[in-house]
Amino acid sequence: MKFAAAVSALATMASAAAVAKQASPLDVKIEMVGNSGVKATVTNTGSEDLKIFKTGSILDKTPTEKVKITQGKSRVAFNGVRLRVMKSGLQESSFQVIPAGKTIEHTFDAAELHDLSAGGAVSMVSKGALQYAKAGSTQIIGSVPYSSNLLSATVDGVAASKIFKAYHAKAKRQAVQDDCSSSQASATSEAINTCAELAAEAASVAESDDDKLAEYFKNADSSTRSTVVSVFNAAASECGSTSSGAPYYCSDVYDACEPGVIAYTLPSEEYMVNCPIFFSDLSPASSSCHDQDQWSTVLHETTHLLSVAGTDDYGGYGYDFVQSLSSEENLSHADTYALFAQSLYAGC
């Protein structure tokens, strides 16, 4: 990591795993608005109000992946951020209540974070999960899965290209520099170094412990083992230096440090950012099972790098959410890797 360059309500449901097995009360539809705009309508078809956590979701203004786009047989690359979000101590402003039977809307431009300059026919879908809290609380207690309709459209490539270039030119106008204070530099450097140790240990355990592998990745076959070990080894290699590899910043160079966001990665540009609460709210390491700390956060973010694994978040974080995912999703979910490694340190 080029650290020297920048060092830098469903209240009755007990867990995300239980939610995932039930029919989702969310009905999500997407439709085109103009050339590349997308309007998402989210309807709560259930009998209870839902207090949804917006950060990082389809309802958020942060440049996260709200739709997956294909053109022909190829996936159009996503050029926004991947986040790690706090599980507790969240603010009310990060939530939005969707009353039972009601619909809310959110509009965004798909061309901002996807290069649609080739133009022509595209298909897009939004899928993942929305985490929720009880009324009167900001403690996330579960998640609700959703999958939208498959939207087909024809895009004007010239117009879409102008939007893409303008958005990213604006984002890059912010100064990228050696922006970490002395204490931030020390904490970030320590977390990077320890990420390498955590990842190496996790690779070793994944190689030999079938039960541990199956607990987090739902499978212990040779294919699963090979993928997991490969990701952890790649993360260990990336974290093996604080003077080379992906840059790490301590200031919000992409304007994505919303309340509750610990850190984020911009995979398309191969850099990572620690937000203020990384330093103020997290300890370097935690001995509590499946807790969030600085060391495992760096590992989480490192797996988002395209050069490591290009992992997704699927809209959720934490052990319960990990258990709600399919084995295929676990293999490309950043927090699954982070929590697997953290559990070894904590002795879970």
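Some notes on this structure:
- Nearest-0.05 FRET efficiency for Ser88 and Glu31, computed from C-beta distance (R0 41 Å): 0.70
- Linear extension gain, Ser326 paired with Asp209, 0.36 nm per residue minus alpha-carbon span: 40.1 nm
- Calculated accessible area for the chain comes out at 40 Å² per residue, all protein chains present (probe 1.4 Å; ligands, DNA, RNA ignored).
- In terms of packing, defined here as the mean over residues of other Cβ atoms within 10 angstrom, the peptides 96-109, 304-317 line up highest first as 304-317, 96-109.
- Distance from segment 321-341 to segment 223-287 (C-alpha centre basis), Å: 16 Å
- Of the solvent-accessible surface of the chain, computed with a 1.4 Å probe over protein heavy atoms with every protein chain present, carbon and sulfur atoms account for 48 percent.
- Peptides ranked, highest mean first, by Cβ atoms within 10 Å: ranges 39-47, 340-348: 340-348, 39-47
- Sites Ala23 and Asp255, calculated FRET efficiency, Cβ-Cβ separation with R0 22 Å, nearest 0.05: 0.05
- For the set Lys29/Lys87; Lys39/Lys162; Lys134/Lys212; Lys61/Lys165; Lys73/Lys162; Lys29/Lys51, the pairs lying more than 30 angstrom apart at their alpha carbons are Lys134/Lys212.
- A simple spin-label model places the labels of Glu105 and Lys127 2.6 nm from each other, with each point 7 Å out along Cα-to-Cβ.
- Protection-proxy order for peptides 284-296, 153-165, each taking the mean of Cβ atoms within 10 Å per residue, highest first: 284-296, 153-165
- The ellipsoid equivalent to the alpha-carbon distribution of segment 57-179 has semi-axes of 29, 21, 12 angstrom, derived from the gyration tensor eigenvalues as √(5λ) and listed largest first.
- Simple point charges give the picture: +1 on the Cβ of Lys and Arg, -1 on the Cβ of Asp and Glu, and for segment 20-167 a dipole about the Cα centre of about 420 debye.
- Computed FRET value (nearest 0.05) for Arg75 with Ser283, which takes r as the C-beta separation and R₀ as 41 Å: 0.60
- Relative to its residue count, segment 223-332 spans a Cα convex hull of 119 Å³ per residue.
- Tail fraction, Cα-Cα pairs, the chain, threshold 38 Å, whole percent: 14 percent
The values are calculated or read from the model by the stated rules, or taken from the named source; none is laboratory data. Note that the coordinates shown come from a computational prediction; the quantities given were computed from them, not determined experimentally. FYI the Cβ positions are ideal-geometry reconstructions off the backbone, even for glycines, and counts take in every protein chain you see. Note: accessible area is taken over every heavy atom of the protein model, side chains too, but ligands, DNA and RNA are not part of it. Shrake-Rupley method; radii C 1.70, N 1.55, O 1.52, S 1.80 Å.
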